[in-house]
Amino acid sequence: MDNSSAVPRADLTRFQTLSGRPPPREARLRALVPAVTPAAGEPVRMRDGRTLWLRAIRPDDVDALRRGFADLTPEEVRMRFLHPLTDLPAHMARQFCEIDPDHAVAIVLLEGAETLEPTIRAVARAYVDPATLAAEFALIVQHAYAGQGLGTLLMRRLIESVRRLDAVEIWGDVFNDNGAMLRLCEHLGFEHHLAPHDPGITRVSLKLA
């Protein structure tokens, strides 16, 4: 399942050197995740037999993202956004879908990717601060798809992707009562620290250099 990138970063650098302009946006997006088929993505067969599709987020995923948000429980929203949110407005969803591939990555798992109304069931995203090269991440897997190893898959892919963006560290803030996320991070080698701004939050971090 761990395929190499469709467009290595070295190739993108050569393109910019020879042409004098940045590589196409589509090429930069493809460089962030392993090679996938352009339409649906990379099939991910879950332990229960269902299949989701893994690929980078796209600007036209707004409706799929909003459909997925509508299926989240209030607790899942709190765990992901760290505060209550009853709706995902179109303008906010659009911001989540239109990322800057030079500094950010977002990987999604879709159900019904080959249909007219796909739904995003899981998202892993990170933003790399160009000043510190530290990547802040966020992850959510819908409860109906938990316990399938999807969180581990997405986090591993996210770590690979931010490495390609030259990140030296990846970190995130997790509620202390989010045991599943804390265990996942511990499994992947993250260190745990008390968040300086909130005793109810644990800051997890992993050195990449």
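The values are calculated or read from the model by the stated rules, or taken from the named source; none is laboratory data. All values reported here derive from a predicted model rather than from experimental measurement. As a convention, Cβ positions derive from the backbone with ideal geometry for all residues, glycine included, and neighbour counts pool all protein chains shown.
Okay, here's what the table says:
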read-out: Every residue from the range 76-99 that is in a helix (DSSP H, G or I) and either surrounded by fewer than 12 Cβ atoms within 10 Å (Cβ to Cβ) or modelled with pLDDT of 90 or more (or both); value: Ala90, His91, Met92, Ala93, Arg94, Gln95, Phe96, Cys97
read-out: Single residue of the range 121-133 satisfying the filter (in contact (Cβ under 8 Å) with a residue 60 or more places away in the chain and not charged (D, E, K, R)) that is nearest to Leu72 (Cα to Cα); value: Ala122
read-out: Any hit, the range 44-58, residues being closer than 15 Å to Leu153 by Cα, assigned to a loop (DSSP other than H, G, I, E, B), touching a residue at least 60 places away in the same chain (Cβ under 8 Å) and not charged (D, E, K, R); value: yes
read-out: Of all residues making up the range 102-136, the number that are assigned to a loop (DSSP other than H, G, I, E, B), under 17 Å from Leu208 (Cβ atoms) and of a type outside the set (Asp, Glu); value: 5
